[in-house]
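Undergrad: Please find one structure pasted underneath; my questions will follow.
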Amino acid sequence: MKKLVVTIAMALMLILPTRVFAEKIDLSKYNTLNLEETLKDEQSYNSNFTYDLSNYSENDNQITIYIFRGRGCHFCENFLTYLGNDLVKNDGQYFKVVSFETWNSKDNLNLLKKVDAFLGITDPNDIGAVPLIIIGNQHMLGFDESTDKETLHNAIEDLYNSKDRYDVFEEMNKEEKEEKGSSNASIIIWNIIIATVGVLIVLAYNNYTKNEIISAVSKKTK
């Protein structure tokens with residue numbers, strides 16, 4: 001009987017739903033750069049890289065463009081060239097930048113992979129690829145000025161004029177919180193079920209033990 005009790009207890013532990021949740025994404029824990037720092041970082045790698053922020057300034061009303069990039073990445077450099085000159089000149093009053101350099105930061109690269117998963121980027125060739133440009137609920141993997149500059153402008157304008165400015169990291173944290181709450185409720189239910197089954201097992205075992213004692217006593221008195 002004891003073996004049966006142990007077996008049942010182990011089985012219940014195996015079917016208990018468990019889930020490991022990622023910590024809330026706190027951007028202050030990552031190596032991030034603003035627009036000027038991003039462009040200077042690229043220039044430190046390539047002395048021929050130029051930009052013009054003479055008429056640019058940041059304010060609290062601007063939207064945030066998130067950029068995942070690699071220092072020395074040719075495609076990233078092409079985008080940053082457009083960003084630091086034409087885009088700043090035309091739309092600089094609407095946005096500020098938070099960038100993540102992923103080729104020299106394991107933490108930033110891991111964050112990029114989490115963002116990829118959230119955005120539904122599943123192609124093995126695209127996971128971890130840069131540049132990844134995120135504006136509100138829109139994203140661009142790679143950038144071609146001849147075809148993408150209008151898309152970029154429209155995304156900036158749409159988010160700036162939106163009453164509810166979508167932020168990918170806020171949404172990721174919100175979804176994680178909702179999923180954790182749902183799973184916690186499931187775990188509570190399972191704990192109640194296991195506790196109930198445990199009580200029944202104990203009662204059954206006690207009843208079995210009682211009967212064994214009575215049977216043993218009866219044999220001795222005969």
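Undergrad: Out of curiosity, is residue 149 at pLDDT 55 or above, among the charged types (D, E, K, R), in a loop (DSSP other than H, G, I, E, B) and over 25 Å from residue 28 (Cα atoms)? Spell out the reasoning first.
TA: On the way: at pLDDT 55 or above: yes; among the charged types (D, E, K, R): yes; in a loop (DSSP other than H, G, I, E, B): no; over 25 Å from residue 28 (Cα atoms): yes.
No.
Undergrad: Considering the stretch 10-39 alone, what residues qualify as being in a helix (DSSP H, G or I), out of contact with any Phe, Trp or Tyr (no Cβ under 9 Å at 6 or more places or on another chain) and at pLDDT 55 or above?
TA: Matches in the stretch 10-39: 28, 29, 37, 38.
Undergrad: Kindly indicate whether residue 66 is assigned by TED's automatic domain parsing to the domain that holds residue 132, of a type outside the set (Asp, Glu), in contact with a Gly (Cβ under 9 Å, 6 or more places away or on another chain) and on the phi < 0 side of the Ramachandran plot. Walk me through it before giving the result.
TA: Numbers: assigned by TED's automatic domain parsing to the domain that holds residue 132: yes; of a type outside the set (Asp, Glu): yes; in contact with a Gly (Cβ under 9 Å, 6 or more places away or on another chain): no; on the phi < 0 side of the Ramachandran plot: yes.
The answer is no for residue 66.
Undergrad: Those residues that are part of a helix (DSSP H, G or I), out of contact with any strand residue (DSSP E or B) (no Cβ under 9 Å at 6 or more places or on another chain) and not aliphatic (A, V, I, L, M), I need them from the stretch 108-130; list them, please.
TA: Going through the stretch 108-130, the residues part of a helix (DSSP H, G or I) turn out to be 108-119.
After this cut, where a residue has to be out of contact with any strand residue (DSSP E or B) (no Cβ under 9 Å at 6 or more places or on another chain) as well, the list is 110, 113-114, 117-118.
Within the stretch 108-130, 110, 113, 114, 118 qualify.
Undergrad: Given the options 161, 108, name the one that is in the same structural domain as residue 78 (by TED's automatic domain parsing), at pLDDT 95 or above and more than 30 Å from residue 41 (Cβ to Cβ).
TA: The conditions single out 161.
Undergrad: Please give the number of the condition residue 7 fails out of (1) under 30 Å from the mean Cα position of the chain (by Cα); (2) hydroxyl-bearing (Ser, Thr, Tyr); (3) modelled with pLDDT under 60.
TA: Of everything listed in (1) under 30 Å from the mean Cα position of the chain (by Cα); (2) hydroxyl-bearing (Ser, Thr, Tyr); (3) modelled with pLDDT under 60, residue 7 misses just condition (1).
Undergrad: Suppose the filter is of a type outside the set (Phe, Trp, Tyr), more than 27 Å from residue 175 (Cα to Cα) and assigned to a loop (DSSP other than H, G, I, E, B); does residue 85 pass it? I'd like the intermediate steps shown before the answer.
TA: Numbers: of a type outside the set (Phe, Trp, Tyr): yes; more than 27 Å from residue 175 (Cα to Cα): yes; assigned to a loop (DSSP other than H, G, I, E, B): no.
Spelling it out, it is not the case that residue 85 is of a type outside the set (Phe, Trp, Tyr), more than 27 Å from residue 175 (Cα to Cα) and assigned to a loop (DSSP other than H, G, I, E, B).
The values are calculated or read from the model by the stated rules, or taken from the named source; none is laboratory data. Note that this is a predicted model, so its numbers are computed, not measured. Don't worry about glycine lacking a Cβ; one is built from the backbone with ideal geometry, like all the others, and counts go over all protein chains shown.
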